[in-house]
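Structure first, commentary second.
Bear in mind that the values in this text are calculations on the coordinates, not laboratory data. Note that the structure is a prediction, hence the values are computed from the model and not measured. Glycine also receives a Cβ, built like all others from the backbone with ideal geometry; neighbour counts cover every protein chain displayed.
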Amino acid sequence: MDVGGTWVRVAASRGQGRIRTIVTPADRDLRRLAPLLRAVWQRRRWRRGEIAALVVASRALWTRRERRALAHALRGLAVRVEVIADAQAALLGAIGDGPGALVLAGTGSIVVAHDGRGRWTRAGGLGPLVGDEGSGFWLGREWLRTLAAGGDLSTVLRLVHSPDAVGRIAALAPRVLARARRGDSSARVIARAGQTQLAEHVRDAVRALALRAPVHVSWAGSVLENHWFRSGLIRAVARQGVRARWRAPAAPPVSAALRLAARLAR
């Protein structure tokens, strides 16, 4: 299961065959995840004893305490329940079980890495108030600062005080990147700063685990679906002294979670 900010994706399998993937709207409050999933289970007529293992890859958590708390809340859904961070599942889906790193930049951002032997590290991912550099929200916020400096306070105040301000500000990112690609100097400064800060996170994560070059690196998230921004990030990572072997994501996070659940069920 992949629990994102907008959608929850549930993939189920029996034996060697994949049954289906179910997509349902997410709730930003993880405290409401358990009743949401119980409703899915009821619709599918699934029972706890029939589900040998459930692996949940969730946003907005990282620590062991956070993962254990969510696993405890979901214990009625399967015989065994394990919770991991969505960025970890994204990495495992993108490059498999070997050592490497993943840059995730969507509404928020984070870099995760693992050494292929069970050690993980992260850089960034501290949320919109103090981090998420290079994310959709970060790009949109920097653009609003540019507008404010130019005197367009009405647009800035309307978005800052709107419902779901983070999501609406993040939605500015495609326009910022389009302007940057067309040569807008202010937008280019913002994009390059975002690429540099994400590249610094990649450098820090790779150094923390002493990963050997060339390091397998992949990406995830809507911002990095933009080829122009991703190409700039690749160059920025090289400037940080990281010799990387970039790979397109091999599989989505929900597939990695399903693979882990199958192992857990054995």
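Just the number, please: percent antiparallel of the DSSP beta bridges in the chain, rounded to the nearest 5.
On the way: 20 of 35 bridges.
So the antiparallel bridges amount to about 55 percent of the total.
Given charges of +1 on the Cβ of Lys and Arg and -1 on the Cβ of Asp and Glu, with all other atoms neutral, how large is the dipole of the chain about its Cα centre, in debye to the nearest 20?
Values: 45 positive and 18 negative charges, 181 e Å.
Using Cβ point charges on Lys, Arg, Asp and Glu, the chain gives about 860 debye.
Can you tell me which of Val55, Val189, Val166 moves the most in a GNM of the chain? Springs connect C-alpha atoms under 10 Å apart.
Evaluated over the chain, the most mobile residue of the options is Val189.
Which value, in debye to the nearest 20, gives the size of the charge dipole of region 77-179 about its Cα centre, when Lys and Arg are +1 and Asp and Glu are -1 at the Cβ?
Working: 10 positive and 9 negative charges, 33 e Å.
So the dipole magnitude of region 77-179 works out to roughly 160 debye.
Rounded, prolate or oblate: which fits region 98-246 when a ≥ b ≥ c are the square roots of the eigenvalues of the alpha-carbon gyration tensor, with rounded for a/c under 1.5 and prolate only if a/b beats b/c?
Working: a/c = 2.71, a/b = 1.86, b/c = 1.46.
Prolate is the answer for region 98-246, as a/c is 1.5 or above and a/b outweighs b/c.
Quote to one decimal, in nm, the extra length available between Val160 and Arg47 on full extension: 0.36 nm per residue of separation minus the C-alpha distance between them. If you can, show how the numbers build up before the last one.
Working: separation 113, 0.36 × 113 = 40.68 nm, distance 4.40 nm.
The Val160-Arg47 span can extend by a further 36.3 nm.
With a sphere of radius 9 Å drawn around the Cβ of Leu209, what net charge do the other residues whose Cβ falls strictly inside it have (Lys, Arg +1; Asp, Glu -1)? Could the numbers behind the result be given before it?
Details: positive: Arg119, Arg207; negative: Asp115.
Cβ neighbours under 9 Å give a net charge of +1.
Arrange the peptides 41-50, 81-90 so that the one whose residues have, on average, the most other Cβ atoms within 10 Å appears first. Could the numbers behind the result be given before it?
Numbers: 41-50: 11.7, 81-90: 23.9.
Going by the mean number of other Cβ atoms within 10 Å, highest first, we get 81-90, 41-50.
Arrange His216, His72 by Cβ neighbour counts within 10 Å, fewest through most, would you?
Numbers: His216 20, His72 12.
In increasing order of surrounding Cβ atoms, one gets His72, His216.
For the peptides 22-31, 197-206, 218-227, 176-185, what is the packing order when you average, over each peptide's residues, the other Cβ atoms within 10 Å and list the highest mean first? Spell out each step's value before the answer.
On the way: 22-31: 13.3, 197-206: 23.4, 218-227: 19.9, 176-185: 15.9.
Ranked by mean Cβ neighbours within 10 Å, highest first: 197-206, 218-227, 176-185, 22-31.
Excluding Arg188 itself, calculate the net charge of residues whose Cβ lies under 13 Å from the Cβ of Arg188, where each Lys or Arg counts +1 and each Asp or Glu counts -1. Display every interim value, and only then the final one.
Details: positive: Arg179, Arg181, Arg182, Arg192; negative: Glu142, Asp184.
Result for the neighbourhood of Arg188: +2.
Do you know the relative contact order of the chain, to the nearest whole percent, from alpha carbon pairs under 8 angstrom that are 6+ apart?
Working: 485 pairs, mean separation 58.1, N = 266.
Once normalised by length, the contact order is 22 percent.
Shape verdict for region 1-82, please, from the Cα gyration tensor: rounded (a/c under 1.5), prolate (a/b greater than b/c) or oblate. Before the final figure, lay out the partial values.
Working: a/c = 1.59, a/b = 1.32, b/c = 1.21.
Because a/c hits 1.5 or more and a/b exceeds b/c, region 1-82 counts as prolate.
As I understand it, the dipole of the chain uses +1 on the Cβ of Lys and Arg and -1 on the Cβ of Asp and Glu, about the Cα centre. Which of Ala236, Ala171, Ala123 lies farthest toward its positive end?
Working it through, the farthest residue towards the positive pole turns out to be Ala123.
Output the relative contact order of region 213-266, whole-number percent, from Cα pairs under 8 angstrom with separation of 6+ residues.
On the way: 29 pairs, mean separation 26.1, N = 54.
Relative contact order of region 213-266: 48 percent.
Whole angstrom only: what separates the Cα centroid of region 43-104 from the Cα centroid of region 140-168?
So the two Cα centres are separated by 35 Å.
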